[in-house]
Structure formats: structure tokens, C-alpha cells
Amino acid sequence: MRRIALIACGGTIAGQPDAAGRFRPVGAAAELLGGVAVPAGVEVVPVDALSVPSRAMSPADVLGLVALVERLAGGEAPVDGAVVTQGTDTLEETAYLFELTCAAAIPVVLTGAMRPSVVAGSDGPANIAAALAVAARPEAAGLGPLVVFGDEIHAARWATKVHTVRPAAFASPGAGPVGIVGEGRVRLWGPACSGLLGRPAALAARVELLAVASGDDGRLAEAAGSYADGLVVAAMGGGHVPPAAAAVLARLAKRMPVVLASRCAAGPVLTSTYRGAGAETDLLAHGLLAAGNLQPLKARLRLMAGLALGLSPESLFPLD
Ligand code: ASP
């Protein structure tokens, strides 16, 4: 038997309607199992952690979950894997923070649902069954934390929510899934992956995420730079910003880490293609750090975790 912890954190998957028909999370872990075809050979250990919409989950909450999973994976009756259920809105951030900070050597799988259990075509039970099946596979641990959704298996490094309502809400733009669940069988093909930095005691650094739009003159960056410890810029295309914003970012990069990511869904930040004010070569020459093909949301978490661990920003962003 493989003992798999089912750690409930709320979200639509645990949602029940109020009198007006609006959903909020109420379900506990044991209740999530209603209608779930638990895979053969799996014993589920229900754990109630949080009962919130994922917009209310903070990075500090996720660090608490990481500590919980590490505890469950050690001790006298260790579990063989963990499935975390939560709201889909911030699921990719939880998954990537697990990758950065969780040292437990067991499969960690995140899932959720786009349709609450009382709605026709509810996807929660199938997602939980698939997630349990993946978490029961020892070799899944080598792929890093995984997002299992709509029968696809995505690595935390790449997984992102790509749709607001469809059950096939997650994808890995630029990379593709690392496996699939079909006929109740788990097929994994993804490469081994570990982005582990370590688990800090807290995430104290204030890192802001700024989306750059055409005509941006840097005033928002200026404001964020007045109080933040670091910035991540979701820049245009291959890592570009309007010239006026470039001047502000160059100034800020002299006194705090400023990471250059792209607002595109996929592809790396360029390093040597364009010249001129606001081009990637200009920004990098002024000390901005290229995020490679790491999405801005995740670059922010990487900088927060790295700073909390005392790592140099330069060592965190030599990413491809
Ligand atoms: N708003 C919900 C949440 O993230 C959405 C979901 O669970 O899919 O908690």
C-alpha cells in the first residue's frame, strides 16, 4: 500500500454554494474523497490544512504547507506521497514555491477543480483520483512538484493557469506536459527536475511584480522602488520596455535586484539581439537580471526565496 496524504486547502474543489448560489470553500479533506475512485494500492491520509479561496493564500501560508509536507514525509509513520488541493487561481505559485523550498523526497502533486462538486461535470473527483495515482508513483518525486489537471501532468517549473473557466485550465507553455493519466494509468516522460534552493524561516523580502504596457514612463516602477527590496518586470516581448521606463529601471537596478522577465506566454528573455534604450541589451547592461524563460510570477517567488536564504540575486538568475 502507498500512503498518500490528501492535504486540503480550500478552493473551488471544496466549494459549496451559499443561499445566493455563490461558492466558497467549506469542505474538509475527508469530504473531498466523496465520488473519488481511489486508485488500487493507495491508502489516503486526509489532512485539513486551510479552507480558503486561493487568492487568500500567501507565500507564508505555502511555506507552512511545505513544512507540513516535510513533517508528513518524515517521522514515525511517513507518507509515500502528498496531494495538495487548493484553488486554481494561485496553484502555480504554490507549486513553484514547493519546488524552491521543499526538501521532502516524496512525490508532491497539486490539483484543484474548475467546477465545484455540486455542478454538472464537476472535475474535482477525477483530478483527485489522477493526482493520487501520480503521487503513488515513486519516480514522480524526481520530476519536482507536479500539477495534475484534466489528466495532464505538468512540472511546477512550467505549469500555468491558461483559462478562467475550462476544466483543461493548466498548460506548460513552451514546454508541454511531463506525463499523462489515462485508463487509470500514469505515464511519465518528463525529465528529472529540481529547483530546490532551501526552506527559509520566512519570506520577508518585499518583491513587486510590474507589468509593462506601451507608453509606460516608469512612474509605477519608481513608486514600487521607493519601498520594495526587489522588482520583477514583466516586460514586452523578448525583454523590452519603453525608453522612459528603461531609465527608471536602470536607476533602480543600482540599489536593488531588478529581474527582467517577459509578459509573453512562452520563450526566453533575449540577451544579445536588440540595441537602443529599453532593449534587452541596454537593460542587462544596466544591471537588470534576465529571468530566462521563467514566468514573471515565478521569478518573483524565486527572488523572494533566494533573498530570504541569503543568496545573491546574480546566482539566482543565470536561467536559460
Ligand atoms: N477562485 C478559486 C480559487 O482559486 C478558483 C478555483 O479554485 O478554481 O480559490
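Here the contact order of the chain, divided by its residue count and restricted to Cα pairs under 8 Å and six or more residues apart, works out to 13 percent. Peptides 276-288, 85-97 ranked from most to least packed by the mean count of surrounding Cβ atoms within 10 Å: 85-97, 276-288. Against the criterion of solvent-accessible heavy-atom surface with a 1.4 angstrom probe, Leu196, Leu289, Leu50, Leu100 sort, most first, into Leu196, Leu50, Leu289, Leu100. Note on Glu183 and Ala60: their simple-model spin labels are 5.0 nm apart, each label 7 Å out from Cα toward Cβ.
Compute the FRET efficiency between Glu31 and Ala202 as 1/(1 + (r/R0)^6), taking r as their Cβ-Cβ distance and R0 = 35 Å, and round to the nearest 0.05.
Working: r = 32 Å, r/R0 = 0.91.
Taking R0 as 35 Å, the efficiency between Glu31 and Ala202 is 0.65.
For the range 138-295, the share of accessible area belonging to carbon and sulfur comes to 55 percent (1.4 Å probe, ligands and nucleic acids excluded). Inter-label distance, Ala213 to Ala266: 2.7 nm, where each label sits 7 Å from its Cα along the C-beta direction.
Please work out the average accessible area per residue across the range 7-114, using the 1.4 Å probe convention, and give it in Å². Display every interim value, and only then the final one.
On the way: 4120 Å² over 108 residues.
So the range 7-114 comes to 38 Å² accessible per residue, rounded to a whole number.
Heavy atoms only, probe 1.4 angstrom, no DNA, RNA or ligands counted: give me Ile106, Ile180 ranked by accessible area, highest first. Please report the intermediate quantities before stating the final value.
Details: Ile106 25, Ile180 65 Å².
Sorted descending by solvent-accessible area, the residues read Ile180, Ile106.
Among Val165, Val42, the sequence by solvent-accessible area, most first, with a 1.4 Å probe is Val165, Val42. In degrees, nearest 10, range 0 to 90: what is the angle between the Cα axis of helix 59-73 and the longest Cα principal axis of the chain? Approximately 40 degrees, to the nearest ten. Taken as Cα centroids, the range 23-62 and the range 67-94 sit 10 Å apart, rounded to the nearest whole angstrom. Build a GNM of the chain with springs between Cα atoms under 10 Å apart, and of Ser226, Ser51, Ser194 the one that fluctuates most is Ser226. When the chain is described by a simple charge dipole with +1 on each Lys and Arg Cβ and -1 on each Asp and Glu Cβ, the residue from Ala5, Ala290, Ser122 located farthest towards its positive end is Ala290.
In a reduced charge model with +1 at each Lys and Arg Cβ and -1 at each Asp and Glu Cβ, the range 58-149 shows a dipole moment near 200 debye about its Cα centre. Between the range 262-320 and the range 110-152, the alpha-carbon centres lie 31 Å apart. Can you tell me the orientation of helix 296-308 relative to the chain, as the angle in degrees between its alpha-carbon axis and the longest Cα principal axis, to the nearest 10? Tilt relative to the chain: about 90 degrees. For the range 164-234, the direction-averaged projected area of the alpha-carbon convex hull comes to 9.0 nm².
What you get for the chain, charging only the Cβ of Lys and Arg (+1) and of Asp and Glu (-1), is a dipole of about 300 debye around the Cα centre.
The slack in the chain from Ala120 to Ala40, taken as 0.36 nm per residue of separation less the alpha-carbon distance, amounts to 26.2 nm.
The values are calculated or read from the model by the stated rules, or taken from the named source; none is laboratory data. From a predicted model like this one, the values you see are computed outputs, not experimental measurements. Here Cβ is always computed from backbone atoms with ideal geometry, including for glycine, and neighbour counts include all displayed protein chains. To get the accessible areas, we keep the full protein, side chains included, count just its heavy atoms, and leave off ligands, DNA and RNA. Shrake-Rupley method; radii C 1.70, N 1.55, O 1.52, S 1.80 Å.
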